[in-house]
Amino acid sequence: MPTRELASQVYESVRAYGKYLPLKYTAIYGGVDIQPQIRELRGGVEILVATPGRLLDHVQQKTINLSKLEILVLDEADRMLDMGFLPDIKRILALLPQQRQSLLFSATFSEEIKKLATTLLKNPVSIEVAKRNSIAELITHVVHPVAHDHKRELLTHLIRSQNLQQVLVFVRTKHGASRLAQQLERDGITATAIHGDRTQAQRTEALTQFKQNAVRVLVATDVAARGLDIEDLPHVLNYELPTTPEDYIHRIGRTGRAGTKGDAISLVGEDESELLENIEKLLKFKLTKKIIAGFEPEISESKATERTKRHTNERTRPEQKKPPELEDSRKDSRCKKDHRHIPAGRSKIPEDPLFSQPYTPSTAQDQPRSAAASTAYGPPDHLRYGHKNSALAALFMPRPPRKPQQDS
């Protein structure tokens, strides 16, 4: 069995069906004390219900011997053979005798799992009591498109407005289950969570409270989809769609059992459209979509898409010719800004005379200087060495004389 809840459920069924048979049976799974299980095994059992991890614990402690096993049953075989359980299953198969009967049970079987099963079995025979990946016809499916950030508000609205009782809510992660249960409690809706990080005592207590209507909502991960048997459960709600389409069938399979009606509600965000398509492809029909007023899908994203298209159209639009009047006015403004008009036929790039013309120094007759400055610094170097009438390079302009300091 893949989960503790399913192992406990199957054990209760074995005990009920074998009440008047001379058979010994027990169940072993994690999360509880191992010593009572060891005492049961030492007394000898004919039927053992186990989870893979705890079974290997007993093998390591040498409290169980599987060499005489005659029949192996893998329930929920598609989950048992996926990447999470396959290494443990292979270790267990290596401990079993070659001559045995192996049975694999599951409500869903993908082609990959079916191929893998054929490698573990010898000349297997397939028996189908219903159409593969089929669901109960009494289940009503509805999808509510909603913005991802508004899912919790919509969940609270649906529970209150429709007066939903006993709602099993599925999420993808353990942390998400605990957080959603706490948020619902703050909204005034009694809720609890069940997932792999909780102890077996906490999981059992949460399930008992939900079955007895002590809490209105049970938030669970997919670990509960394979092991919960709640009589007349009316509502299953997918707060987050599963990443594997087959898990949708197992989730909603908690309702609509034994000829009763059930509701399968899914809150689908804008980033889950591909997951929804995969589920509809597996079911071979479209799920009914219904938008709740006030909880419409993300509108800002559509606006952003329109804005992006508009910007794209503007970029791809051919450049329009500006009116000649506007061009003339812009030219006039540029001329005023540069304080000069550019003559016709000349380059439009302004020229700096510092770099385009040589520097011609002025003489004392051109620009008189104060006597104090001449006395302090004397004549410039180019005049002192006989270069009075020669032009200097533009970048080598003589340093201007400094003003004489005045005595205070």
Check your understanding: How much net charge surrounds Leu168 when only other residues with a Cβ under 9 Å from its Cβ are counted (Lys, Arg +1; Asp, Glu -1)?
Key -> +2
Point to revise | Cβ-Cβ FRET estimate between Arg160 and Asn213, R0 fixed at 22 Å, reported to 0.05 | key: 0.85
**Study point:** Inter-part distance where the stretch 115-193 and the stretch 242-274 are each reduced to a Cα centre, Å
**Key:** 5
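May I ask for the net charge around Lys286, where only other residues with Cβ less than 12 Å from the Cβ of Lys286 are counted and Lys, Arg are +1 while Asp, Glu are -1? The partial results should precede the final answer.
Numbers: positive: Lys281, Lys284, Lys289; negative: Glu277, Glu280.
Taking every other residue near Lys286 into account, the sum is +1.
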Practice item. Find the percent of Cα-Cα distances in the stretch 139-300 that exceed 21 Å, and round it to a whole number. Key: 42
Review point. What ranking do 285-293, 258-266 get when scored by the average of other Cβ atoms within 10 Å per residue, highest first?
Key: 258-266, 285-293
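Just to confirm a number: summing +1 for Lys and Arg and -1 for Asp and Glu over residues other than Val59 whose beta-carbon lies under 15 angstrom from that of Val59, what do you get?
On the way: positive: Arg42, Arg54, Lys62, Lys68, Lys90, Arg91; negative: Asp57, Asp88.
Its environment carries a net charge of +4.
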Check your understanding: By how many nm would the segment from Lys261 to Ile292 grow when fully extended, if each residue of separation counts as 0.36 nm and the alpha-carbon distance is taken off?
Key -> 8.9 nm
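Any read-out appearing in this document is the output of simple, stated calculations on the displayed coordinates, not a laboratory observation. Since this is a predicted model, take the numbers as computed values, not measurements. FYI the Cβ positions are ideal-geometry reconstructions off the backbone, even for glycines, and counts take in every protein chain you see.
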